[in-house]
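The values are calculated or read from the model by the stated rules, or taken from the named source; none is laboratory data. Just so we're clear, the structure is a prediction, and the values are computed from it rather than from any experiment. FYI the Cβ positions are ideal-geometry reconstructions off the backbone, even for glycines, and counts take in every protein chain you see.
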Amino acid sequence: MNEVLSPVETLKRGSRGLRGTLRESLGDAITGGLRESDTQLLKFHGSYQQDDRDLRDERRRQKLEPAYSFMIRTRLPGGVATPAQWLALDALAARYGNGGLRLTTRQAFQIHGILKHDLKPTIAAINQTLIDTIAACGDVNRNVMVSANPVESRAHAEVQACAQALSEHLLPQSRAYHEIWLDEQAVIGADASEPVYGPTYLPRKFKIGFAITPINDVDVFSQDLGFIAIIEQGELVGFNLLVGGGMGVTHGDARTYPRLADELGFIRKDQLITVATAVLTTQRDHGNRSDRKLSRLKYTIDRLGLDVFKRALEALVGESLPPPRAYRFDHTGDRFGWVEGFDGRWHYTLRIESGRVRDTDTVRLLSGLRAIARVHRGDFRLTPNQNVIVANVDANERALIDVLLDDHGLAHALHGAAIRRFALACVALPTCGLAMAEAERYLPTILDRMDALLSRYGLHDEPIVFRISGCPNGCSRPYLAEIALVGKAPGRYNLMLGADFQGRRLNRLHRENIDEAAILTELDVLFARFASDREAGEHFGDFVVRVGIVRAPQFIVAKLSV
Amino acid sequence: MIGPGTGVAPFRGFVQERTAIGASGRNWLIFGARHQRSQFLYQLEWQAALKAGQLQRLDLAFSRDSAEPVYVQQRLIEQGRDVYAWLEAGAHLYVCGATAMGRSVHAALRDIVIEHGGRDAEAADEYLSELQRSGCYARDVY
Ligand code: SF4
């Protein structure tokens with residue numbers, strides 16, 4: 001490609017290993033924000049500059065700049081955290097952040113609302129808990145996801161260890177992070193080169209997920225690089241390799257599309273790091289670096305052709321890949337309440353709507369989980385559905401956890417409509433700079449209204465995967481929902497229908513740019529038809545495809561003119 | 001120009017006027033408040049003035065944003081060498097704001113003249129008095 005490089009590419013190359021002028025930007029009291037170029041580099045350090053969009057106009061009238069603050073995201077492979085880490089992050093969120101802890105759709109913690117002068121102390125304190133934020137955002141491998149539920153078999157721990165090792169292997173090697181946030185002395189010339197990434201890192205973000213059957217909670221088909229653990233007689237033997245998934249779309253740009261990952265074949269577990277590195281470096285070398293809208297791996301694969309991509313990969317790995325092994329997924333959700341693991345330990349999955357750990361008058365998630373963390377001797381697992389598992393509880397300590405759940409109004413958090421338990425929402429307004437419509441703040445309302453309709457047709461207990469995103473970037477993986485709303489403008493959404501319950505089929509656009517009244521009118525008709533015409537056990541997403549309400553979604557064939 | 005809090009108000013006019021008449025020479029503002037985020041009065045105007053070169057220098061002290069409170073007089077002391085150099089070069093110094101702040105700033109100036117001007121306490125007082133008499137050091141405190 002001899003097209004002009006995107007400005008971010010030039011910036012990365014000239015950043016002296018992601019240092020830029022971050023230090024100067026941080027020390028500049030004239031603004032609560034960073035220099036434009038440093039806002040880009042900051043992402044590689046696990047933080048985003050944001051501003052409260054609700055306050056923009058008011059502050060402009062007051063001659064104040066936007067209310068800048070920072071979001072910090074942890075790198076937490078598989079979402080595993082100790083109680084001590086939970087307590088530390090909780091305390092940091094209370095001291096420096098606003099609104100408690102957030103659990104992301106990629107199993108990480110986020111703290112929002114950190115002011116510039118608190119950024120360094122917060123990141124330093126996070127590191128003291130042995131969690132870091134390196135590469136939690138930016139054009140690098142992001143937080144590695146792993147199926148969260150540790151109950152199935154011993155193999156789960158092994159998959160987690162594989163993910164952890166891969167996450168470490170794919171960390172940027174620059175010492176910039178340690179120098180800027182942790183006061184490490186800069187040693188001239190000591191900066192390691194980036195053996196995996198090279199000087200300009202990746203063309204775009206890169207997402208990896210490990211699924212452990214039968215639960216596809218990581219939405220493995222949405223990942224740039226996905227692994228389905230193949231477990232035989234309780235032993236991990238290897239993985240099915242998936243490449244080229246991705247959610248992000250740009251409204252009105254037909255060259256962009258959500259794409260499911262393709263299954264390339266089976267790899268042995270000892271090949272994991274080699275294969276993952278080969279996929280990543282192929283994307284590094286062939287990804288589009290001039291148009292960031294088209295730079296994810298999915299477009300690279302469609303441009304090169306899957307066969308060419310596969311051959312290039314096999315050449316790097318040094319052997320051809322045997323066909324993928326058989327497996328089965330049941331669903332993409334979490335198993336709520338207590339579940340007993342293979343080793344007799346217990347795991348309690350707690351629903352956390354939109355991943356927002358905070359206290360309301362009746363449901364005191366923040367204090368409840370704090371109280372649990374003080375006594376809990378197992379660990380916590382953040383799930384890809386933004387819930388949390390109080391994991392590895394001794395049978396005789398269950399009662400204690402139950403009391404704490406009850407005391408904080410959390411024991412009943414599972415009641416209510418089934419649609420509530422599967423719902424995902426991204427952060428959107430007022431925090432996310434890209435948001436075109438509400439998501440997280442609107443979720444409780446739209447769920448109530450949808451539940452009212454569902455209940456009218458006796459579907460209150462029907463599990464339906466519903467997701468809402470404030471923009472087509474799709475952080476809540478909306479294109480894999482049976483029903484999705486993707487923000488177009490304030491109060492207006494694209495209504496998408498027809499993904500399956502196992503996360504294996506994309507949905508399709510059903511109605512464009514409609515408001516709540518129109519959404520509810522559509523759904524009312526659909527729910528009525530579903531209740532009367534469905535086949536036994538048929539899920540809503542399958543139903544709308546079978547009866548032709550939406551055409552069966554297919555893989556989208558590349559039509560790139562590059 | 002030293003004007004923490006609402007004391008900064010007259011200095012907007014100063015900067016606007018200098019811009020309007022195309023004044024040459026340098027200007028320097030020291031502003032302070034409790035919080036950067038909510039009390040940085042006329043923030044956008046100062047940012048724009050800096051960018052446009054209508055204001056050469058801006059130092060800030062936000063007292064509640066760090067573990068140790070920082071006030072404008074500390075910024076003055078930190079920049080003592082420059083403050084003294086500007087005074088020696090004929091700069092006009094204006095202080096506007098609360099009475100207590102005015103006193104602290106005056107004490108800081110005295111220390112600066114002692115340290116960077118090599119004067120004893122008495123001579124420093126005389127130096128500042130002379131500045132006031134000649135209209136080079138004006139205070140509006142309330
Ligand atoms: S989907 Fe869009 S609006 Fe929602 S968090 Fe992601 S970028 Fe922001």
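Going through (1) over 21 Å from A:Leu103 (Cβ atoms); (2) acidic (Asp, Glu); (3) in contact (Cβ under 8 Å) with a residue 24 or more places away in the chain; (4) touching a Leu at 6+ places or on another chain (Cβ under 7 Å) one by one, A:Asp330 falls short only on (4). Taken as a whole, the condition of being away from the ligand (no atom under 16 Å from the Cβ), farther than 30 Å from A:Asp52 by Cα and free of Cβ contacts under 8 Å to residues at least 24 places away in the same chain applies to A:His412. Among the candidates A:Asp394, A:Asp379, the residue that is more than 16 Å from the ligand (Cβ to nearest atom) and touching a Gly at 6+ places or on another chain (Cβ under 9 Å) is uniquely A:Asp394. Going through the range A:472-493 one residue at a time, which ones are within 12 Å of the ligand (Cβ to nearest atom), surrounded by fewer than 24 Cβ atoms within 10 Å (Cβ to Cβ) and in a loop (DSSP other than H, G, I, E, B)? Within the range A:472-493, A:Pro472, A:Asn473, A:Gly474, A:Cys475 qualify. The residues of the range A:416-437 that are more than 10 Å from the ligand (Cβ to nearest atom) and either within 14 Å of another protein chain (Cβ to nearest Cβ) or not in a loop (DSSP other than H, G, I, E, B) (or both), listed by number, are A:Ala418, A:Ile419, A:Arg420, A:Arg421, A:Phe422, A:Leu424. Here is a list of conditions, (1) modelled with pLDDT under 95; (2) surrounded by 17 or more Cβ atoms within 10 Å (Cβ to Cβ); (3) closer than 26 Å to A:Arg60 by Cα, and B:Ser66 meets all of them except one; can you say which number that is? For B:Ser66, the exception is condition (2). Residues of the range A:18-38 that are surrounded by fewer than 20 Cβ atoms within 10 Å (Cβ to Cβ), more than 14 Å from chain B (Cβ to nearest Cβ) and under 27 Å from the mean Cα position of the chain (by Cα): A:Arg19, A:Ser37. Annotation note: of A:Leu434, A:Leu443, the sole residue that is at pLDDT 95 or above and over 25 Å from A:Glu340 (Cβ atoms) is A:Leu443. The single condition from (1) assigned to a loop (DSSP other than H, G, I, E, B); (2) more than 21 Å from A:Asn387 (Cα to Cα) that A:Glu440 fails is (2).
If only residues of the range A:451-471 that are more than 16 Å from the ligand (Cβ to nearest atom) and under 23 Å from A:Leu260 (Cα atoms) are counted, the one that is nearest to the other protein chains (Cβ to nearest Cβ) is A:Val465. Out of the residues in the range A:269-295 that are among the basic types (Lys, Arg) and under 30 Å from A:Leu236 (Cα atoms), state the one that is surrounded by the fewest Cβ atoms within 10 Å (Cβ to Cβ). Top of the filtered list is A:Lys269. Can you confirm whether A:Leu443 is away from the ligand (no atom under 16 Å from the Cβ), crowded, with 16+ Cβ neighbours inside 10 Å and of a type outside the set (Lys, Arg)? Spelling it out, it is not the case that A:Leu443 is away from the ligand (no atom under 16 Å from the Cβ), crowded, with 16+ Cβ neighbours inside 10 Å and of a type outside the set (Lys, Arg). Being surrounded by fewer than 18 Cβ atoms within 10 Å (Cβ to Cβ), of a type in the set (A, V, I, L, M) and not in a helix (DSSP H, G or I): is that true of B:Ala107 here? In short, no. Taking the range A:454-469 on its own, how many of its residues are farther than 23 Å from A:Glu440 by Cβ and not in a loop (DSSP other than H, G, I, E, B)? Here the count works out to 2. The residues listed here are B:Leu87, B:Leu60; of these, the one that is within 18 Å of B:Gly135 (Cα to Cα), crowded, with 19+ Cβ neighbours inside 10 Å and within 13 Å of the chain's Cα centre (by Cα) is B:Leu87.
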